[in-house]
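J.: Questions regarding the structure given below will be posed in turn.
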Amino acid sequence: MTKTLNLTEKLKQYFGFDTFKGDQEAIIRNLLDGNDSFVLMPTGGGKSLCYQLPSLLMDGVAVVISPLIALMKNQVDVINGISEENGVAHYINSSLNKAAIAQVMEDIRSGKTKLLYVAPESLIKPDNVEFLKSVKISFYAIDEAHCISEWGHDFRPEYRNIRPMINCIGQAPVIALTATATDKVRTDIKKSLGILDAKEFKSSFNRSNLYYEVRPKTNDVDKELIKFIKKNEGKSGIVYCLSRKKVEELSAILQANNIKAAAYHAGLDNIPRSQTQDDFLMERIDVIVATIAFGMGIDKPDVRFVVHYDIPKSLEGYYQETGRAGRDGGEGYCLAFYSYKDIQKLEKFMEGKPVAEQDIGRQLLKETAAYAESSVCRRKMLLHYFGEEYHKENCGNCDNCNRPAEKIEAQKALEIVLRTIIALKENFRQEYVIDVVTGNATDDVVSHRHDQLEVFGEGEEERPKIWNPVIRQALISVYIKKNIENYGILKITEKGKEFIEHPHSFMIVEDADFDNVDYDGASEGKASALDEDLYRILKTLRSKVAKRHNLPPYVIFQDVSLEQMATMYPVNCQDLLNIQGVGEGKAKRYGKEFWECISEYCKENDIVRPEEMRVRTIAKRSNAKLKIINSIDKQIPLDDIANAMGLDFDELLTEIERIVYSGTKVNIDYFLEEVMDDDCIEAIYDYFRESHTDCIETALDEFDGSFDEDELRLVRIKFLSEMAN
Ligand code: ADP
Ligand code: MG
Ligand code: ZN
């Protein structure tokens, strides 16, 4: 019968819309045909209409289960607004008194009411159940269905009772709808509702207009946030924090900095809360600082940025919250501040909870941390998390795509991982697999006797930090998958088995290093703030100076240093020391010509130098750096230093390189002489003196295997230290 029904006409008649959005029509037809449906559609996709329209066309009353009392009223108003008289839609929840409920029941009995919204806790009330048993139910709609699953971001235990209630009231088709669900959550929902055969309608979760960025959260996070908001002056934005206390604090800080901001959290009284919501909608305030409670009910289409001041507890929460930006398809900047400390804090908060819940919470946190630390396209990771494949290599609209990290070959590492997963009979989680691969004989590993396996420790030679990104990117590329039943357990796919048979290149990007960043806000807006003209002038000056000293240009100042100079306009020695990569040695040796040139340029072009740049605090030297410098002073062999600090040798080299590049001199001759012949040192040293790049790959090629990477790097450290600093 539904084939002949002209739904578009009905859509127009009831809702005034000309066409269906996305899968709406197919979903509605499936429901009219009496089948169960599962609808996954991002926020704003038009889920409500999928049950509203059919309810008007079918016999009986549709029961809509929805968790939010505030939204219920709103939806009922909308439906009554399109009808000739009130009573087509009603709701029952704890806010109604007896008389009001009696009126609702009467309207339903008379056949006037087509849609009944109920909160799950009202559904189980015996009076309501008895009543509903006595009327014809057209279908059941479960909105925000992810609330059923403990693996979702908004678990509501009452949602677990829905199926038993339906069985008790009377059978009718079921339609479940949600805007976020991973494979795990999706399976949970279908099981709990007993609709395993439901037809699935899945829209893409890609929000192509949203820009995703993650920055390390440092002590300067407040300052950075203020800068960010000021750059977006006049635009509407939401800043999410995890605690009410932080919400209050932060909104006060923003206000003190002349930002039109207000706090919003569930602990505030109703009146100031709805006032704030109103002010935001009417644009009397620009920024709402909120706990996640904010945003569920409001639908402002032109929120231009969403900032996560604290990292959210799950990626679903993150997706949901960032989803509130750019609903109109316009700009939506999603910025999250991340520090591993926050993850640890959240883990600590969970300690009082039941073990099973803690376990779930930890897994969800791990996914969030992985997302934040990864150098893979953020869009790709998010979509993968929601079971969707994103085929483009580069989305062009996230930080990782805009500043792509170098790729490294991980073919061997992947082979080891895959073979280990098989050796472990596909029965263990990521951390455990990594323990076995790296030869970490934990109590757990030993008790399973997995230290006896052939694969145990097979990956010892690789850098320990490589394993998480290898596994994560193998998941994205579907060489492995996570078990849905027992979340977190790694299984191998057909594609993975195929890879073991015929291994091939597997390029990955390493994780960003959030522990060791000397974050100074310099990367923010670098491109836009950079004075291109000055940059060119400085480059020319650098070539001139380099020629005079008979040194390659990068030895004088690195590109990043010039970029910063062309952004911050240092005009004296003190200013120059604030530039990344400029230590005292460099400033004294080469600085004068540069700051004089910049000062001249500023005068000529009437440039007002950014005030705050001048007061930037001198970069703090982390403890680790001090320790390394002291140890080298004491002439402790580098491998011993590495051991003592729990670093791989090449991680230590990276640290030393950072130290040298930022302008501090270190003398490692004592060690070099120990491990290398004098002629070799000299040959490499001369090479760097002549070469136009300090790139190690180029040097490796040039020497064609005569020296290994470590040797080249060691001599480069000596060279840079002596020539540049
Ligand atoms: P969701 O619940 O999926 O987040 P809603 O059901 O609240 O989304 O719908 C979002 C918006 O889209 C609403 O303003 C609704 O009126 C509008 N909408 C829904 N279906 C259509 C359609 N077919 N044509 C135009 N607008 C629609
Ligand atoms: Mg909705
Ligand atoms: Zn991307």
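The values are calculated or read from the model by the stated rules, or taken from the named source; none is laboratory data. In this text the structure is predicted, and so the values were computed from the model without any measurement. In this analysis, Cβ positions are derived from the backbone assuming ideal geometry, glycine residues included, and neighbour counts consider all displayed protein chains. The accessibility values were calculated without ligands, DNA or RNA, using every heavy atom of the protein model including side chains. Shrake-Rupley method; radii C 1.70, N 1.55, O 1.52, S 1.80 Å.
J.: I'd like the carbon and sulfur percentage of the solvent accessible area for the chain, probe radius 1.4 Å, heavy atoms only, ligands and nucleic acids excluded.
T.: Of the solvent-accessible surface of the chain, carbon and sulfur hold 48 percent.
J.: Over the Cα atoms of the range 1-101, Rg to Rh with Kirkwood Rh, two decimal places?
T.: Using only Cα positions, Rg/Rh for the range 1-101 is 0.96.
J.: To the nearest 10 square angstrom, what accessible area does residue 223 show with a 1.4 Å probe?
T.: Roll a 1.4 Å probe over it and residue 223 shows about 110 Å².
J.: Let me ask something else. Sum up the charges of everything whose Cβ sits under 14 Å from the Cβ of residue 252, counting Lys and Arg as +1 and Asp and Glu as -1, but leave residue 252 out.
T.: With Lys, Arg at +1 and Asp, Glu at -1, the neighbours total +1.
J.: Give the accessible area for residue 350 in Å² (nearest 10); use a 1.4 Å probe, count only protein heavy atoms, and leave out ligands, DNA and RNA.
T.: 30 Å²
J.: In addition: Say the dipole of the range 23-172 comes from +1 at the beta carbon of Lys and Arg and -1 at that of Asp and Glu; which of 151, 78, 101 then lies farthest toward its positive end?
T.: 101
J.: Take the Cα radius of gyration of the range 255-336 and divide it by 2.2 N^0.38 Å, with N its residue count; two decimals is plenty.
T.: Rg over 2.2 N^0.38 Å, computed on Cα atoms: 1.06.
J.: About the Cα centre of the chain, what is the dipole size in debye to 20, counting +1 per Lys and Arg Cβ and -1 per Asp and Glu Cβ, all else neutral?
T.: Charge dipole of the chain: 3280 debye, to the nearest 20.
J.: Same structure, new question: Work out Dmax and Rg for the range 344-442 from the C-alpha atoms and quote the Rg first, both in angstrom.
T.: 16.5, 43
J.: Ignoring ligands, DNA and RNA, what accessible area per residue does the chain give at 1.4 Å, in Å²?
T.: Ligands and nucleic acids excluded, the result is 46 Å² per residue.
J.: Kirkwood hydrodynamic radius of the range 106-207 from all distinct Cα pairs, in Å?
T.: In the range 106-207 this quantity evaluates to 14.6 Å.
J.: Once you charge only the Cβ atoms, +1 for Lys and Arg and -1 for Asp and Glu, what is the size of the charge dipole of the range 1-51 about its Cα centre, to the nearest 20 debye?
T.: With Lys and Arg at +1 and Asp and Glu at -1, about 100 debye.
J.: Let me ask something else. Direction-averaged shadow area of the convex hull around the Cα atoms of the range 405-457, nm²?
T.: It is 4.0 nm².
J.: Any idea what the dipole of the range 257-322 comes to, in debye rounded to 20, about its Cα centre with Lys/Arg Cβ at +1 and Asp/Glu Cβ at -1?
T.: Charge dipole of the range 257-322: 100 debye, to the nearest 20.
J.: Something else: Find, to one decimal place in angstroms, the Kirkwood hydrodynamic radius of the chain, where the mean of 1/r is taken over every pair of different Cα atoms and then inverted.
T.: 29.6 Å
J.: Also: What are the ³J(HN,Hα) couplings of the range 329-340, residue after residue, when phi is run through the Karplus curve with 6.51, -1.76, 1.60 and θ = phi - 60°? Round to Hz, x for glycine and proline.
T.: Per-residue couplings from phi come out as x, x, 3, x, 9, 10, 10, 10, 9, 10, 9, 4 Hz.
J.: I'd like the accessible area for residue 670: 1.4 Å probe, protein heavy atoms, all chains in place, Å² to the nearest 10.
T.: 40 Å²
J.: Residue farthest toward the positive end of the dipole of the range 271-392, with Cβ of Lys/Arg at +1 and Asp/Glu at -1: which of 294, 322, 368?
T.: Of the options given, the answer is 368.
J.: Would you kindly derive the ³J(HN,Hα) couplings of the range 635-641 from the backbone phi angles with the Karplus curve 6.51 cos²θ - 1.76 cosθ + 1.60 (θ = phi - 60°), listing them in order in whole Hz, with x for Gly and Pro?
T.: Using θ = phi - 60°, the values come out as 6, 7, x, 4, 5, 5, 4 Hz.
J.: Given bins 10 angstrom wide, list per bin the percent of all Cα-Cα distances in the range 655-703, short to long.
T.: Computed distribution, short to long bins: 21, 47, 32.
J.: If you don't mind, another one. Which of rounded, prolate, oblate describes the range 296-401, given a ≥ b ≥ c as roots of the alpha-carbon gyration tensor eigenvalues and a/c under 1.5 marking rounded, otherwise prolate only if a/b is larger than b/c?
T.: Taking the square roots of the gyration eigenvalues as a ≥ b ≥ c, the range 296-401 is prolate.
J.: Using a simple spin-label model with points 7 Å from Cα along the Cα→Cβ vector, what separation in nm is obtained for residue 347 and residue 35?
T.: Each label point lies 7 Å from its Cα, and together they span 4.5 nm.
J.: Report the semi-axes of the equivalent ellipsoid for the range 358-398 in whole Å, largest first, where each axis is √(5λ) for an eigenvalue λ of the Cα gyration tensor.
T.: 22, 11, 5
J.: Picking from 668, 653, 629, whose Cα lies most toward the positive end of the charge dipole for the range 618-679 (charges on Cβ: Lys, Arg +1; Asp, Glu -1)?
T.: 629
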